[in-house]
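Here's the structure, in structure tokens; my notes come after.
The values are calculated or read from the model by the stated rules, or taken from the named source; none is laboratory data. None of these values were measured; they are calculated from a predicted model. Cβ placement follows ideal geometry from the backbone for every residue including glycine, while neighbour counts extend to all protein chains displayed.
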Amino acid sequence: MALGSSLLQSAGRMLTAPIFITGGYSALTQPGGRAEAAGQVLETMREYVQILPEDDELLVRANGALQLAAGTTMLLGIKPRLSALALAASLVPTTLAGHAFWEMDEESAAAHKVHFQKNVAALGGLLLVAGADAGKKAAKRAARKAAKKVSKQK
């Protein structure tokens, strides 16, 4: 990868991570209203994932812990692709629970629609981080495998 591209990817990762670190910490330490807001989404999720505990506050705290941990590892460049996938997975229910603008009155909906769109944009950035270098790594693996075959044939 070109040096400039690598620096841009690192900068992008580092600029994306803090929102998850601070938001995760806040959800972990002060789940309060988030648990209430997440209730309906969590009930729907329980229909499909029956192992989810009934304690909404526990799930909000667990989601916060995941965001704090994955945001920190992404910031530090530790397994950034895996960290980005974990954050992407946690962002979907967070967004649906916190910014369901289609269920709100017109006044509240406008601000939540903007937050919803920002979260969708963050999701796009996380998917870019998750997909970074995937093709390059697969090509390197294939090249190593081919080199082994060639060396065995000699």
Residue match in region 13-22 (condition: assigned to a helix (DSSP H, G or I), more than 19 Å from the chain's Cα centre (by Cα), modelled with pLDDT under 95 and not hydrophobic (A, V, I, L, M, F, W, C)): no
For G77, only one of the following conditions fails: (1) closer than 30 Å to Q9 by Cα; (2) free of Cβ contacts under 8 Å to residues at least 60 places away in the same chain. What is its number? (2)
List the residue pairs whose Cβ atoms are under 8 Å apart, where the first residue sits in region 30-44 and is touching a residue at least 12 places away in the same chain (Cβ under 8 Å), the second is of a type in the set (D, E), and the two are 6 or more positions apart or on different chains. P31/E57; A35/D56; A35/E57; E36/D56; A38/D56; G39/D56; L42/D56
Filter region 90-113 down to the residues that are buried (at least 16 other Cβ atoms within 10 Å of the Cβ) and hydroxyl-bearing (S, T, Y) and list them by number. S90, T94, T95
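E57 - would you say it is acidic (D, E), surrounded by fewer than 16 Cβ atoms within 10 Å (Cβ to Cβ) and closer than 16 Å to G23 by Cα?
The answer is yes for E57.
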For A100, the lone unmet condition from (1) farther than 25 Å from L127 by Cα; (2) out of contact with any Gly (no Cβ under 8 Å at 6 or more places or on another chain); (3) of a type in the set (A, V, I, L, M) is (1)
Look through region 30-54, keep the residues that are β-branched (V, I, T) and surrounded by 11 or more Cβ atoms within 10 Å (Cβ to Cβ), and return whichever of them is nearest to G71 (Cα to Cα). V41
Result of the Cβ filter at 7 Å on region 86-112, keeping first residues that are under 23 Å from N63 (Cα atoms) and partners that are of a type in the set (D, E, K, R) and in a helix (DSSP H, G or I), at least 6 apart or interchain, is F101/K113
Among the listed residues G32, G64, identify the single one that is under 14 Å from V92 (Cα atoms), of a type in the set (G, A, S) and either more than 17 Å from the chain's Cα centre (by Cα) or at pLDDT 95 or above (or both). G64
Flag for Y48 being hydroxyl-bearing (S, T, Y) and under 24 Å from E103 (Cα atoms): yes
